[in-house]
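The values are calculated or read from the model by the stated rules, or taken from the named source; none is laboratory data. Everything numeric in this text was worked out from a predicted model, so none of it was measured. Don't worry about glycine lacking a Cβ; one is built from the backbone with ideal geometry, like all the others, and counts go over all protein chains shown. In case anyone asks, the SASA skips ligands and DNA or RNA and just uses the protein heavy atoms, side chains included. Shrake-Rupley method; radii C 1.70, N 1.55, O 1.52, S 1.80 Å.
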Amino acid sequence: MKILVLKSSGNKRGSSNMLADAFIRGAKENGHEVTEFDVIRADIRPCIGCNHCGMNGPCVQKDDYEKKLKGMIKEADMLVFVMPVYYYNWPAQLKTVIDRFYSFTLELTYMHKKAALLTVAWDDTDTVFSVVEDYYHRICEYMQFVDCGMVLGGGCGTPAMTKRNKAINEAYELGKSI
Ligand SMILES: Cc1cc2nc3c(=O)[nH]c(=O)nc-3n(C[C@H](O)[C@H](O)[C@H](O)COP(=O)(O)O)c2cc1C
């Protein structure tokens, strides 16, 4: 299976990418082909809602999304969203990746791709992931993605904290389970 890992932190060796590495290790051990894409280092502009695409056509934004990422998303069997929590929510650049589904929403929903979420936050409270988790579930439902699971890394505020957090092993096990 082709797995596309969408990373969204500016910290290359940060906590969310540590979870991504563990997941990838598990997935590769199972023989999957994994491609990583750093959305934070790409030129991805927001959807401006012009409706030029009619939800099923080329986007007016001629950026890395239209030229490259859209094709990578179409090709993948599974999308893995990797993110630090920002103010109880998804970081803007990764949310933009979702908004830009708009130009191929119909096509994408018919593909029934698999999906997973790997996320980290400084806090380790009952509520820190509630919005993140809820949004992920709504997107899976709306886009007809098959949810393969989530790792919610509470108490993963720095790489030193994350290194000894159970979320690393959970991410590895999730990769292994695919
Ligand atoms: C803009 C911003 C907003 C944040 N908001 C939250 C938050 O709402 N709750 C929380 O627990 N941590 C919050 N954090 C902390 C990060 O989620 C945490 O440090 C995480 O480990 C960073 O992951 P990274 O190393 O992959 O970048 C925030 C950090 C930043 C930079």
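Cross-link reach is defined here as a Cα-Cα straight distance under 20 Å, omitting same-chain residues fewer than 8 places apart; for K68 the aspartates and glutamates meeting it are E33, E36, D38, D43, D77, D99, E107. 3J(HN,Hα) along region 115-131, derived from phi through the Karplus expression 6.51 cos²θ - 1.76 cosθ + 1.60 where θ = phi - 60°, amounts to 8, 8, 10, 10, 9, 10, 8, 5, 6, 10, 10, 5, 9, 4, 9, 4, 5 Hz, with x in place of Gly and Pro.
The dipole here belongs to region 1-113: it is taken about the Cα centre, uses +1 on the Cβ of Lys and Arg and -1 on the Cβ of Asp and Glu, and is about 180 debye. Cross-link pairs exceeding 19 Å in C-alpha to C-alpha distance, out of K67/K113; K7/K28; K2/K166, comprise K67/K113; K2/K166.
Ranking G71, C53, S16 by Cα position along the charge dipole of the chain, where only Lys, Arg, Asp and Glu carry charges on their C-beta atoms, puts G71 farthest toward the positive end. Only lysines eight or more places from K163 in sequence, or on another chain, were considered; those with a Cα closer than 17 Å are K12.
Less than 5 angstrom separates the built amide H of D38 from those of K7, all sequence-distant by 5 or more or on a different chain. Listed peptides 122-129, 85-92, 150-157 appear in the order 150-157, 85-92, 122-129 once ranked by packing, highest mean of other Cβ atoms within 10 Å at the front. Under 11 Å from the 7 Å Cα→Cβ point of M161, by amide nitrogen: which residues of region 123-139? Those under the cut-off are 123-125.
Just the number, please: carbon plus sulfur as a percent of the accessible area of the chain, 1.4 Å probe, no ligands or DNA/RNA counted.
50 percent
Normalised per residue, the accessible area of the chain is 49 Å², obtained with a 1.4 Å probe and no contribution from ligands, DNA or RNA.
Distance from the alpha carbon centroid of region 95-165 to that of region 30-85 works out to 15 angstrom.
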